[in-house]
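Every number in this text was worked out from the coordinates using simple rules, so none of it is lab data. Please read these numbers as outputs of a predicted model, since none were measured by experiment. As a convention, Cβ positions derive from the backbone with ideal geometry for all residues, glycine included, and neighbour counts pool all protein chains shown.
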Amino acid sequence: MKRVLFICLLCISCATLASAIFGQTATNAPGAGQTSSSAAQNRVVGEVTAVDAAGGAVTLKMDDGHTVTVKTDNRTAVLRVRPGETRSENAEHITLADVKVGDRLFARGTLSTDGSNLAARQLVITSATAIAQAEGQNREDWRRRGVSGRITALNSSTKEITVESRSREGAQVVTINASGNVKILRYAPDSADAANATPVSLADLKVGDQIRARGDRSADGSHFTAEEIIVGSFIRTGGIVTAINPATNEVTIKNDQTGNTVTVKIGQRSTLRRITPEVAAQLAQQRAQAEQQRAQAGGVGAQGRTQGGNGNAGGREAGARGGQRGAGGRNFQQMFDGLPAIGIADLKKGDMVFVVASAGADASHATAVTLVTGDADFITRLLRFQGRPQRGPNSPGLPGDVVGGGTSPREQP
């Protein structure tokens, strides 16, 4: 599943460190197949895929998908920083042997004309373990100090946002105080990753937007003082592909359930996946097991009630099985991330698709965040979730936390 703000923070940290240490500002490097006619084009950023410590080389997969071989010598400075660190004096000097596959790496130096090699003067890395820990802490802080829902009213004079927040206990109206130095972001049209969100003002928010805020809640839960806000306007749709326009990267879909037709734009960050028959069969098996567990849990609970004092035991066992279902949601997310990626050229008329998208200017247009096609029975089950309430923008429609790992029920199709 996709990473939140840490990747952006790391890139900013690395660039700041490079400037602080060398007194220069690093700029974008060209991808493979491009030429570098200027010495200014001298940085690469991405994930380490291989390390040859003896040979002094690191293979880097850049964020645009290109691969670069980063070469070092005895004059290359190799530094390690914590996620979000921007002070050069807090960087740790390490050796190439300390760099691991999966680490995030920023490199400065001289790039070859074809963009495939970089003779590095400096490497700045953040370990994959540190990134995972920081992301875990960030997710936990959002869970503990976050609120999500749908905007129902905006008051620009008091800088207050009225939100209908849904939970297992039901709906609750929460007033969010957005005054002060509050960071406000809006998701990119083709992404539910906060790393791609852009800064906006309170005036850019709209009634109906999905909102997620982090901050402090009042004792009764009715008021919330925000530190950070992120909003989006996501919809769930799907149906049969009736037209494909590769020139405009648009797919037209007719929804047989509603009779509506929508033209979906495929953006640069849109994720297109195909459900394979093997994955569909595996999910069907998991669904059958989950249904069996629910039936058994209900039987245990009923038996506990008839036997009097054992009702709590039945509840505990049912709760444990509920936890297993939660784990199943995470497994579904991992499975989704591993599905084959496709492009618009792989779609054809008659395909059944399910789409999570950002709403367009009107109901007939949208921009895809995620498009799933493949097994028709599986897509049909996904389409059943169209009318269900959405509990937050980070998981705008797909069950089992797909598309961002946020707040929707951990339900498997």
Next on the checklist: At 0.36 nm per residue, and after removing the present C-alpha to C-alpha distance, how many nm does the segment from N255 to D220 gain when stretched out fully?
Outcome noted: 8.4 nm
Item to check | Amide hydrogen neighbours beyond the local backbone of N260, cut-off 5 Å, H modeled | outcome: N255
Item to check | Rounded to the nearest 20 debye, dipole of segment 333-385 from Cβ charges on Lys, Arg, Asp, Glu | outcome: 100
Checklist entry - Can you give the convex hull volume of the alpha carbon atoms of segment 144-232 per residue, in Å³? => result 100
Checklist entry - For K349, which aspartates and glutamates qualify as cross-link partners when the Cα separation must be under 13 Å and same-chain residues fewer than eight apart are set aside? => result E250
Checklist outcome for this item: Spelling it out for G238: with amide H atoms placed in the peptide plane at 1.01 Å from N, the residues 5 or more places away or on another chain with amide H under 5 Å from its amide H are V355
Next on the checklist: Restricting to lysines 8 or more places apart or on different chains, can you count the pairs in segment 111-268 with Cα atoms under 21 Å from each other?
Outcome noted: 4
Checklist entry - Pulled fully out, how much extra length does the chain show between T158 and A361, if you take 0.36 nm times their separation in residues and subtract their Cα-Cα distance? => result 70.3 nm
Item to check | Loop trypsin sites (Lys or Arg not before Pro), segment 192-227 (other Cβ atoms within 10 Å of the site Cβ: 15 or fewer; DSSP) | outcome: K206
